[in-house]
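What follows is a set of notes on a single structure, which appears directly below.
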Amino acid sequence: MARERPGKADNRREASASPFYGQDILSVSQFTREKLEYIFGVAEGMREIVRRTGSTDLLRGKVLACLFYEPSTRTSSSFIAAMARLGGSVIPITQGVQFSSVSKGESLPDTIRTLECYADAIVLRHPEVGSAKIAADYARKPIINAGDGVGEHPTQALLDLFTIKEELGRIDGLKVAMVGDLKYGRTVHSLTKLLCLYDVELSFVSPEILRLPMDLMNEVKARGIPVRETYDVADVIEEADVLYVTRVQKERFADLSQYDQVKDYYEITPELMRRAKERMIVMHPLPRVGEISYAIDDDPRAAYFRQVENGLYIRMALLAAVLSKEVPIPNL
Ligand code: NCD
């Protein structure tokens with residue numbers, strides 16, 4: 001069965017300046033505040049590089065495989081753009097695995113063991129919880145989890161947290177409200193876990209059937225984080241520093257009549273925004289399908305497209321940190 005391959009273990013021993021060299025990125029549980037600061041520092045350096053010259057040759061000659069069994073716009077394109085701006089290249093299996101041997105019945109382990117013959121790392125999005133871990137058990141090369149079903153989406157959580165820090169200047173002391181599909185939203189799961197490393201207050205706003213899973217709620221409470229649950233955004237809008245809004249994850253519902261009951265539950269409107277703090281931000285992992293009115297897009301507090309841009313810098317930072325021993329960024 002699955003076992004640790006020598007290549008990956010050796011890489012771990014050799015790790016020097018980058019704490020992520022040769023490592024898988026499977027879950028936010030791998031991160032400490034110190035490691036987050038490291039990635040954020042590299043991401044700031046990457047932003048400088050992109051703004052000044054557009055690209056660098058740090059990963060020249062390196063190849064990344066992007067293997068997506070579920071749809072994606074931002075995650076796949078930002079990994080591809082990140083690799084291009086670092087001077088490397090990509091094997092893009094992002095337009096639907098139906099065009100790969102997966103449609104002939106090839107298993108995930110075999111697909112992974114094939115791609116790693118060509119690539120230095122593999123980014124994987126897959127509908128099953130735990131799939132990234134399974135891939136990592138078979139692979140000699142690093143696996144980066146780009147979403148495993150309703151499980152985790154660690155790279156999204158990194159860019160979400162980076163956005164909060166860049167926009168509001170800090171994370172400690174903030175009141176963060178998560179709104180929408182807290183049951184199936186993997187970005188909510190990963191971001192909630194990361195926020196538990198900080199001194200924050202969390203509110204969870206959802207219809208009854210989309211509440212945060214009990215085990216995650218217990219984990220949050222065990223960390224001593226003050227939590228509140230409500231069905232109504234109006235209960236949190238005045239005090240929130242961050243309103244993190246999510247789409248109801250239609251594809252996860254076994255019974256679509258249940259989806260119909262909750263799909264239009266929330267909409268963040270200009271009226272609601274009038275009651276929010278002057279210095280707060282509205283975030284969304286996107287795509288949005290009605291939860292945020294287009295009428296607030298010009299509100300300076302609408303941070304979701306800045307959040308998208310940060311995804312590029314964070315993924316450049318992660319790829320650099322995983323694929324090169326030393327990351328020569330001035331901010332570090
Ligand atoms: C999210 C995802 O795939 O989990 N999208 C993303 O990666 N930015 C959120 C979603 O699909 O609702």
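The values are calculated or read from the model by the stated rules, or taken from the named source; none is laboratory data. Quantities reported herein were computed from a predicted structural model and do not represent experimental measurements. Cβ placement follows ideal geometry from the backbone for every residue including glycine, while neighbour counts extend to all protein chains displayed. The protein model used for the area step is the full one, side chains on, heavy atoms only, and it has no ligands, DNA or RNA in it. Shrake-Rupley method; radii C 1.70, N 1.55, O 1.52, S 1.80 Å.
Mind listing the long-range amide H neighbours of Tyr69? Cut-off is under 5 Å, sequence gap 5 or more, other chains count too, H placed in the peptide plane at 1.01 Å from N.
Arg125, His126
Leaving out ligands, DNA and RNA, what percent of the accessible area of the chain is carbon and sulfur, probe 1.4 Å? The partial results should precede the final answer.
On the way: 6930 of 14280 Å².
Carbon-and-sulfur percentage of accessible area, whole number: 49.
For a quick check: with amide H placed at 1.01 Å from N, whose amide H comes under 5 Å from Ile91's, ignoring anything fewer than 5 positions away on the same chain?
Counting only residues 5 or more places away or on other chains, the set is Leu64, Ala65, Cys66.
Between the alpha-carbon centers of the range 251-278 and the range 109-127, tell me the distance in whole angstrom.
Cα centroid of the range 251-278 versus Cα centroid of the range 109-127: 36 Å apart.
Under a plain spin-label model, where a point goes 7 Å from the Cα along Cα-to-Cβ, how far apart in nm are Arg274 and Phe305?
The answer from the label model is 2.5 nm.
What nm value, rounded to one decimal, do you get for the distance between Ala234 and Gln261 when each label is placed 7 Å out toward the C-beta?
2.2
Can you compute the helix-only [θ] at 222 nm over the chain? Use -39500 (n - 2.57) per DSSP H run of at least 4 residues, normalise by all residues, nearest 500 deg cm²/dmol.
-11000 deg cm²/dmol
Would you mind estimating how fast the range 93-202 diffuses translationally, via Stokes-Einstein at 10 °C and 1.306 mPa s with the Kirkwood radius over Cα pairs, in µm²/s?
Rounded to a whole number, D works out at 102 µm²/s.
Can you give the extra length, in nm with one decimal, that the chain gains between Ser103 and Ser55 once fully stretched, where that is 0.36 nm per residue apart less the Cα-Cα distance?
Numbers: separation 48, 0.36 × 48 = 17.28 nm, distance 3.59 nm.
In short, 13.7 nm is gained.
How big is the dipole moment of the chain about its Cα centre under a simple scheme where the beta carbon of each Lys and Arg is +1, that of each Asp and Glu is -1, and everything else is neutral? Debye, nearest 20, please.
The calculation lands at about 1060 debye.
Can you work out ³J(HN,Hα) from phi for every residue in the range 313-325, in order, using Karplus 6.51 cos²θ - 1.76 cosθ + 1.60 and θ = phi - 60°, giving whole Hz and x for Gly and Pro?
These are the phi-based 3J(HN,Hα) values: 5, 5, 6, 4, 4, 5, 5, 4, 6, 7, 9, 10, 5 Hz.
Please list, or write none, the lysines whose alpha carbon is within less than 28 Å of the alpha carbon of Lys104, excluding same-chain residues fewer than 8 places away.
Once the sequence-local lysines are set aside, what remains near Lys104 is Lys133, Lys141, Lys250.
Between the range 129-189 and the range 12-83, what's the alpha-carbon centroid distance in Å?
First find each Cα centre; the distance between them is then 14 Å.
Could you check the simple spin-label distance between Val289 and Arg170, using points 7 Å along Cα→Cβ, in nm with one decimal?
Result for the modelled spin labels: 3.9 nm.
Cut-off under 16 Å on the C-alpha distance; same-chain residues fewer than 8 positions from Lys277 excluded. Which lysines are left, in chain and number order?
Answer for Lys277, where 16 Å is the Cα cut-off: Lys175, listed by chain and number.
Please calculate the 1.4 Å probe accessible area of Lys193, with all protein chains present, and give it to the nearest 10 Å².
About 50 Å², rounded to the nearest 10.
Within the range 275-311, find all residues whose amide N lies under 17 Å from a label point positioned 7 Å from the Cα of Ala84 along Cα-to-beta-carbon.
309-311
Would you mind giving the three semi-axes, in whole Å and largest first, of the ellipsoid equivalent to the chain according to its Cα gyration tensor? Walk me through the numbers on the way to the answer.
On the way: eigenvalues 208, 108, 68 Å².
Rounded to whole Å, the semi-axes are 32, 23, 19.
Suppose all protein chains stay in the model; what accessible area per residue would a 1.4 Å probe give for the chain, in Å²? Could the numbers behind the result be given before it?
On the way: 14280 Å² over 332 residues.
On a per-residue basis, the chain sits at 43 Å².
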